[in-house]
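Inspection log for the structure reproduced underneath, given as structure tokens.
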Amino acid sequence: MTKVAQIYEHRFPNADLPIMRFQVGVFEIAQLLGFRVENWMEEGLGQAHGMFLRLPSGRVILFRELQHLIEHHHAKGPTVYVDAGSVAEFGVEPLIGEVLTALDASPQAVDWVASSESREIAIDLVKRVAAYNRQNE
């Protein structure tokens with residue numbers, strides 16, 4: 001089985017959608033996996049920390065932790081984002097299972113999961129992106 005790999009440049013084909021949030025900070029997760037956390041500023045949101053990972057399936061996920069949410073809203077760890085196309089195709093639960101399996105993490109490590117309605121939101125978003133792309137060809 002292929003291992004999880006860190007990648008440093010990625011653009012989601014449709015848009016990124018949150019599927020879950022961990023209870024452990026991104027720096028701790030990165031240290032456990034042997035990866036490096038990147039830092040950047042998110043316009044209007046402040047300091048962010050995170051990393052892109054390629055799962056054994058080839059799917060890319062983004063771990064993004066906003067310092068503002070940690071300090072002022074008691075978030076415990078990073079939110080995991082995947083491409084909306086994956087959410088539209090598979091739904092949230094299988095993707096969460098894939099992430100947990102790939103990282104050898106337990107469900108108890110998760111602080112929040114997206115609702116099942118996320119799939120309908122993702123389907124609509126993918127349709128809108130496709131229409132936008134057709135319009136601009």
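Looking only at region 28-72, how many residues end up being basic (Lys, Arg) and not in a strand (DSSP E or B)? Give the derivation first.
As a first pass, look at region 28-72 and keep what is basic (Lys, Arg): 36, 54, 59, 64.
Retained after the next criterion (residues that are not in a strand (DSSP E or B)): 36, 59.
Counting residues in region 28-72 that are basic (Lys, Arg) and not in a strand (DSSP E or B) gives 2.
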Which of the residues spanning region 91-105 are open to solvent by less than 90 Å² (accessible area, probe 1.4 Å) and without any contact (Cβ under 8 Å) to a residue 24 or more places away in the chain?
-> 94, 97, 100
From 59, 54, which residue is basic (Lys, Arg), open to solvent by 60 Å² or more (accessible area, probe 1.4 Å) and modelled with pLDDT of 95 or more?
-> 54
Across region 106-137, the tally of residues that are in contact (Cβ under 8 Å) with a residue 60 or more places away in the chain, in contact with a helix residue (DSSP H, G or I) (Cβ under 7 Å, 6 or more places away or on another chain) and either on the phi > 0 side of the Ramachandran plot or not aliphatic (A, V, I, L, M) (or both) stands at 1
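The values are calculated or read from the model by the stated rules, or taken from the named source; none is laboratory data. Since the model is a prediction, treat every value here as computed from it, not as a measurement. Quick reminder, even Gly has a Cβ in these numbers, built from the backbone with ideal geometry, and neighbours come from all protein chains shown. Heavy atoms of the whole protein, side chains included, go into the accessibility calculation; ligands, DNA and RNA do not. Shrake-Rupley method; radii C 1.70, N 1.55, O 1.52, S 1.80 Å.
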